[in-house]
Structure formats: structure tokens, C-alpha cells
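A.B. asks: What follows is a single structure, and I will ask about it in a moment.
The values are calculated or read from the model by the stated rules, or taken from the named source; none is laboratory data. Since the structure is predicted, the reported quantities are computational estimates derived from the model, not experimental observations. Every residue, glycine among them, receives a Cβ derived from its backbone with ideal geometry; neighbour counts consider all protein chains shown. SASA here: full protein model, heavy atoms, side chains in, ligands and nucleic acids out. Shrake-Rupley method; radii C 1.70, N 1.55, O 1.52, S 1.80 Å.
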Amino acid sequence: MRFERREHRPLALIVLTPLLAVAAALALSGLLIAAAGAPVLEAYWRILVGAFGSRLSATETLTRATPLMLTGLAAAVAFRARVWNIGGEGQFYLGAIATAAVGSQLLSGAPGYLSIPLLLISGALAGMILLIVPLWLRLRFSVDEVVTSLLLNFVAVLVVSMLIDGPLKDPLAFGWPQSQSVADAAMLPKLVARSRLHWGFGIAVVLAFVVHFVQSRTVFGMKSRAAGLSPDGAVFAGVPLARTLLLVACLSGGLAGLAGAVEVLGVKGYVTTDLSPGFGYSGIVVAMLAGLHPLGVVLAALFTATMFVGADGMSRALKIPTYIADVTVALSLITMLVAVFFAQYRIRR
Amino acid sequence: MSIVLDIIASVGLWAAVLRIATPLIFGTLGALLCERAGVLNLGIEGIMTFGAMIGWLAVYHGADLLTGLLVAALAGAVFGLLHAALTVTLGLSQHVSGLGVTLFASSFSYYLFRLIVPLSGSPPTIEPFAPVTVPGLSDLPFIGPILSAQTPPTYLALLLALLLAYAVFRTPLGLAIRMTGENPHAAEAQGVNPMAVRYGAVIVGSALMAVGGAFLTLSAFNSFFPTMVQGRGWICIALVVFASWRPGRALFGALLFAFFDAFQLRLQTAVDGVPYQVFLMTPYILSILALCVMARRARVPQALMQPYRRGER
């Protein structure tokens, strides 16, 4: 048995790949639900109802999808250029705490039209810096950025924990470790009244289109894809590799940092160490499910958010641990890898 | 200064060094074995988590502690098989596959744990490994009390490092593993089956990682809780680079690392005014520094992360 590269890949196959992968992942976690003695179809039905059954739940799902889109885009642009940014979680937290710090200390009196853009930029900058470190270490000392960006996740969360225990501690939070809040004027306006859905969702969708445009229509996009397809070939063709990768890192880290900023300005207004239920890590799955395509990221983030939000209600009704959502999302990464492989190769005897 | 000397001269510190090093030794040796055959196994963090969970669960349900370790090893081997199928047979990106295995293994272990042990105020506990006294050794001054504070898995880890050092550099099997990691085509020309070697190395390596995880619940603590592995797997990946892919140095690296960790834990209680988070950060920052110092000097297995397909270059 051997694998042979497909000469021709029909569009239908490319579109079907993620759908098949998700179906396979749902089937596999269905086995786990069945093993727990719960009705599988009812469980999935409850997840769907839990995620979209009411106005409240639908807006909640879109709210949850917002940071996932941004961390997903962050992973997608990085992976395209083979910058293995696994530090989305840390960049998210650093972006969030930078936003809370600047928002509560410097810009607490500024009007919204001034403070919102400035705060979003501070979050993005913080995320950028956290990814530039591992990339610089890769370029300077040839250290694999996978491990360094992963290790920095732990450092970033500890930095956040230190700041909200110390200089940024909210004295009114009854000793609960929580940062001071940004001013109400700096909060992103609501997209739907009487819900948590905020304009961050719009920002994320627009950015998906912007990233798509940058990747497919600009010189930088071409260079970054070339750097990912073949670094040696890119250098030979005159692409300045280090500079291109650095820009990719700025874009990727910036997007992940922005995710943190948007989550602070859109939902909470302050930072705690459980602000992210693994948005950075899920962003990797989102990017892979999307086939690293920026517009696909929007859909993949919606699927992931559906699982996470829907699993809450299902879990309460059927006594299945909510972790089933994490299992399904992780499984869909693996099934997607396999599905992409078989979209590219056929089996020959 | 006297604080530092007091800490270094204490038996407690050195006993803690061996205890902290044990999961790292297992994990680092496991990762090293995979990488020597040419496969980066980023599944380590999740595999350690699963090992910690399933080993604990087995003991909680009445198995003895050694069986618990064995169950963990078997589960680790199964995840190793998954990683090998993805990276060796299909030749997928080792980075992404490994992350997939980590995400799956850790979320699956939380799911299984929560399903079997419902949330309660105080987590259920087991009776963990008790320290063993080795006749003769435990009577030695200073070293005796340090050794007699250790549990059997620690001795197993130390033995394993020596065994693996011997196996990798002094046996035909070790040669086959190293050849596969350096140049699978040449290995195949010599009659070695690179696919089989990679499968074997990843499966056995993953089993070792899971045992390292199980040490956490069966010896270091007596209960399981999510996120208890705390990046130890990633630190092991860094330690493999620090060790230049040599088992002896991996043992040294793990001990050195554990020394710093045990030291900072004691310094934390002795020094006032520094936020405890600064101390907690040190292991991760040390790992990054170790990578920077060693990455250039270390000789990477040449075929690491390169999928092997017969008849293809």
C-alpha cells in the first residue's frame, strides 16, 4: 500500500474536507457520549439548541466566537508562513492585561472614540511583543519557536496574575484577584441590545476579510506564503526571509493580542486569570479546521463556539461533563489533519 | 547569603530535587527516544496528563500502585500509536499532530475523570507510593536520608536513564534508532525498517511520558486535578535539546532543572517582598534560556521532523 499525490483536486473535495472532518469528530465523540450512557443524537440536538435555540444563546455563541476568530486568524497567518505560533494563549492574556492597564491608568478619562482605538492598539502591541521574542530567538539562536512560544504562555499568565495581585489590583473586588476596570466610555458598544454581543464580532469578521486580502493580493502576503511553502526557495527568489517572518509574527501576535483586548473591551471590562478558557489553543484548531484560510476561520470559529456554548446546557441536562466540547474540538483537529491528507493523496495498492 | 547556604545544605532540598526530577526524567527520556528516531512528539503534555489521570483512576478502583504505572504506560503507548500513525504512516506535520494529540489526550482525560469522579468539595485521594529504604544506602551520612525519602518510581527513573544511555549508544537496536533519526534512507539500505523503528520509538517513548505523568498522581501527590501537569511536558521537550539528545545529559539536565525548581520553592518562603509569581516563572524562563544556550551547540538528529516515504527523497 502506498500513497500517491492527487494530480487534480476538485473544488467539491476541498469544501467537503472540513465537513467530513467535523462529521468524523462528532461521530467519535458520539461514542464517548454513548459510553457515558447518554443518548447521542439528543445530546447533539441539545448542543445545537443550547447554542442557537434562543436570542440569548445565539448572541452568546457569536460572542464566544469573536475571540476564537481572532486567535484563529493569528494561528492561520503564522502557520501559512510556517511560523509555529503556539503562544496565542499568552498573547491573548498579555493583550488583555495591556488593555486593562492602559485603560484603567492612562485613558480612564478619555472619550470612547479616542480610547477604544488606542486600547485595541495597546492590546495588539502587547501580543506582538510576546511573539517577537520567540521569533527573534529562532532567527538568532535557531531555537524552535514552538517550545519557546508555548513556555511563554505560562510566563504570560503568571505576569497577569502578578499584575492583578499587585499594581493593577481592583481594591473593590473583595480580595478577588481581578484587575481594575477600563472606563465605561472605552467599552465596545453592543451589537445587539440586552445581550453580551458587542462590536468586537464585527471587527473580527472585517479583519478576516482584511487578512484574506493581504494574503492573496499583496506583495507581503505573497512573500509570507512563499516563506511557508519553501524558505530556501523564497530566499533564492529574493524574499527577505527574516524581515518577512518578523512581519508575520507582528501580524499573528497582534491578532492574538487584539483578541484579548476585544474580550476585555467587549465583555468584562477587566481581567482575571480565567478570562480565557483556552482561546489561544482553540485558535489553533480553528485555523487548521479552516485550512488556514482567513474566511474559513470565521466558520470554524462558529463551529467551535457552538460546541463550547451548546455543551453547557447539554451537560446540565444529560450529566455529561462539559469537557466533551474540548474533546470534540481536539478530535476535529486530528480528523481534519487526516481528511486534508486524503484530499491530497490517494491510496494505491 | 547564609539563607542560600542553609537551603543548599538541607536534606529537604536534595530530597525534593530527586522528587521533582522524576517526572521530568521519564518525560525527557521518552521525548528523547522519539526524537532520536526522527519524530518530534509534542503529544507529551497531553500524554503525561492522561497517564496521571488513568494511573490514578486504576489505583482508585482497587489496582495496586505498580499496576497503576503499567496502565498509564499502556495508555501512553496507545497515544504513541496514534501519533505514529499520523506522523509516520501519513507523514503529517509533526508539530500539528503532536498538538492535536496533546489537546485530545488532555481533554479526554478531563472528560473521563469528571465522568467517573463527579465534582465534589474535596477531591478523592489514594494511598500513594511510600518511600523505600535501600539497605546499606540509607545509613550513609547526608545521602542516606535523601535517598530514603524517595519512592520506587524515582529509582526506576534513574535506572532507566542508564539503561537508555546504554541501549542508544551500545546496542544494535540503538544504532538502528539513531540511523533512522539521522538518515532513514541509509538505514533502510542497511536492512533497517525505518517505519517500524519510528513506530517502536514513539510508542515506547510515549509510554515513558505517561509513566512520568503517573508519578505525579501516584507518588508526588495523591489525587488528580486538571492542568496538574503545568507545562512539564514542554519543559521536557526543552530539556531534550539541552541534553543534546543524550540520555546521560538528559538525566543531568532534569536534575539541574529540578535543583533550580526546588531551590526557588524554598527561597520563596525565605524571601519577602518578591511576588510569588516571579518564582513560579523561573522554570519556564530557565527552559527558554537553556534552549538558547544549547540550540546552536546541540547536534540535532538530521532527519528530525522529516517524514519518511519509501523511494521518495
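A.B. asks: Keeping all protein chains in place and using 1.4 angstrom, which order do A:ASP165, B:ASP64, B:ASP139 fall into by accessible surface area, from largest down?
C.D. replies: Correct descending sequence by accessible area is B:ASP139, B:ASP64, A:ASP165.
A.B. asks: Amide H of A:TYR345: which non-local residues (sequence gap of 5 or more, or other chain) have their own amide H closer than 5 Å, using H built in the peptide plane?
C.D. replies: Excluding prolines and chain starts, which carry no amide H, the hits are A:ARG6.
A.B. asks: Below 25 Å, Cα to Cα, which lysines can A:LYS268 reach? Residues fewer than 8 away in the same chain don't count.
C.D. replies: Cα-Cα hits under 25 Å: A:LYS169, A:LYS190.
A.B. asks: What order do A:LYS190, A:LYS223 take when sorted by accessible area (1.4 Å probe), most exposed first?
C.D. replies: Result of the area sort, largest leading: A:LYS190, A:LYS223.
A.B. asks: In sequence order, what are the phi-derived ³J(HN,Hα) couplings for the range A:248-255 according to the Karplus relation 6.51 cos²θ - 1.76 cosθ + 1.60 with θ = phi - 60°, rounded to whole Hz, with x for glycine and proline?
C.D. replies: Taking θ as phi minus 60°, the curve returns 4, 4, 4, 5, 5, x, x, 5 Hz for the range A:248-255.
A.B. asks: For chain A, what is the charge dipole size about the Cα centre, in debye to the nearest 20, if Lys and Arg each add +1 at the Cβ and Asp and Glu each add -1 at the Cβ?
C.D. replies: My answer is approximately 1020 debye.
A.B. asks: Which whole-number percent is the relative contact order of chain B (Cα, under 8 Å, 6+ apart)?
C.D. replies: 36
A.B. asks: Please name whichever of A:PRO231, A:ALA51, A:VAL157 sits farthest to the positive end of the charge dipole of the range A:39-318, dipole taken about the Cα centre and charges placed at Cβ: Lys and Arg +1, Asp and Glu -1.
C.D. replies: A:PRO231
A.B. asks: Here's another thing I want to ask about it. Report the relative contact order of the range A:103-227, percent, no decimals, based on alpha-carbon pairs under 8 angstrom and at least 6 residues apart.
C.D. replies: Once divided by the residue count of the range A:103-227, the mean separation gives 24 percent.
A.B. asks: For the range B:1-149, calculate the relative contact order in percent as a whole number, restricting contacts to Cα pairs under 8 Å that are 6 or more residues apart.
C.D. replies: 27
A.B. asks: Let me ask something else about it. If you plug each phi of the range B:213-227 into the Karplus form 6.51 cos²θ - 1.76 cosθ + 1.60 with θ = phi - 60°, what whole-Hz ³J(HN,Hα) values come out, in order, with x for Gly and Pro?
C.D. replies: x, 5, 4, 4, 8, 9, 9, 5, 10, 10, 9, 10, 9, x, 6
A.B. asks: Scan the range B:82-165 for chymotrypsin sites (Phe, Trp or Tyr not before Pro) in coil per DSSP, keeping those whose Cβ has at most 10 other Cβ atoms within 10 Å, and list them by number.
C.D. replies: For chymotrypsin sites (Phe, Trp or Tyr not before Pro) across the range B:82-165 that sit outside H, G, I, E and B with at most 10 neighbouring Cβ atoms in 10 Å, the list reads B:PHE142.
A.B. asks: Treating the beta-carbon of each Lys and Arg as +1 and of each Asp and Glu as -1, no other charges, what is the dipole magnitude of the protein assembly as shown about its Cα centre, to the nearest 20 debye?
C.D. replies: It works out to roughly 1900 debye.
A.B. asks: Further, regarding this structure: Could you tell me which trypsin sites (Lys or Arg not before Pro) in the range A:1-109 are loop residues by DSSP with no more than 15 other beta carbons within 10 angstrom of their beta carbon?
C.D. replies: A:ARG6
A.B. asks: So what does B:GLU188 come to for accessible area, using a 1.4 Å probe and Å² rounded to 10?
C.D. replies: About 60 Å², rounded to the nearest 10.
A.B. asks: Then there's this: How much accessible area does A:GLU60 have with a 1.4 Å probe, in Å² rounded to the nearest 10?
C.D. replies: Near enough 50 Å² of accessible area.
A.B. asks: Work out the length of the dipole vector of the range A:143-243 about its Cα centre, built from +1 on the beta-carbon of each Lys and Arg and -1 on the beta-carbon of each Asp and Glu, and round it to the nearest 20 debye.
C.D. replies: Charge dipole of the range A:143-243: 460 debye, to the nearest 20.
A.B. asks: For every other residue with a beta carbon closer than 15 angstrom to the beta carbon of A:THR17, add +1 if it is Lys or Arg and -1 if Asp or Glu, then tell me the sum.
C.D. replies: +3
A.B. asks: Just from its helices, what would the mean residue ellipticity at 222 nm be for chain A, if runs of 4 or more DSSP H residues each count -39500 (n - 2.57) and the sum is divided by every residue, rounded to the nearest 500 deg cm²/dmol?
C.D. replies: -24500 deg cm²/dmol
A.B. asks: In a Gaussian network model over chain A where Cα atoms closer than 10 Å are linked, find which of A:ALA110, A:ALA259, A:ALA249 has the largest mean-square fluctuation.
C.D. replies: A:ALA110
A.B. asks: Give a residue-ordered list of calculated ³J(HN,Hα) values for the range B:301-307 (Karplus: 6.51 cos²θ - 1.76 cosθ + 1.60, θ = phi - 60°; whole Hz; x for Gly, Pro).
C.D. replies: Each residue's phi maps through the Karplus curve to give x, 5, 9, 4, 6, 9, x Hz.
A.B. asks: Taking a probe of 1.4 angstrom, what is the accessible area of B:SER93 in Å², to the nearest 10?
C.D. replies: We get 40 Å² for B:SER93.
A.B. asks: Further question: In peptide B:287-296, how many Cβ atoms from other protein chains are near each Cβ within 10 Å, on average?
C.D. replies: Per residue, the average neighbour count from other chains is 5.
A.B. asks: Looking only at A:ALA126, A:ALA98, A:ALA173, which one moves most when chain A is put into a Gaussian network model with springs between Cα atoms under 10 Å?
C.D. replies: A:ALA173
A.B. asks: Another question, if that's okay. Based on DSSP H runs of at least 4 residues, each adding -39500 (n - 2.57), what is the mean residue ellipticity at 222 nm of chain B after dividing by all its residues, to the nearest 500 deg cm²/dmol?
C.D. replies: Here the helix-only value at 222 nm equals -22500 deg cm²/dmol.
A.B. asks: In addition: Which of B:ALA21, B:ALA167, B:ALA75 moves most in a GNM of chain B, Cα contacts under 10 Å?
C.D. replies: B:ALA167
A.B. asks: While we're here: Just want the answer: with Cβ charges of +1 for Lys and Arg and -1 for Asp and Glu, which residue in A:SER181, A:VAL40, A:GLY266 is farthest toward the dipole's positive end in the protein assembly as shown?
C.D. replies: After comparing all options, I get A:VAL40.
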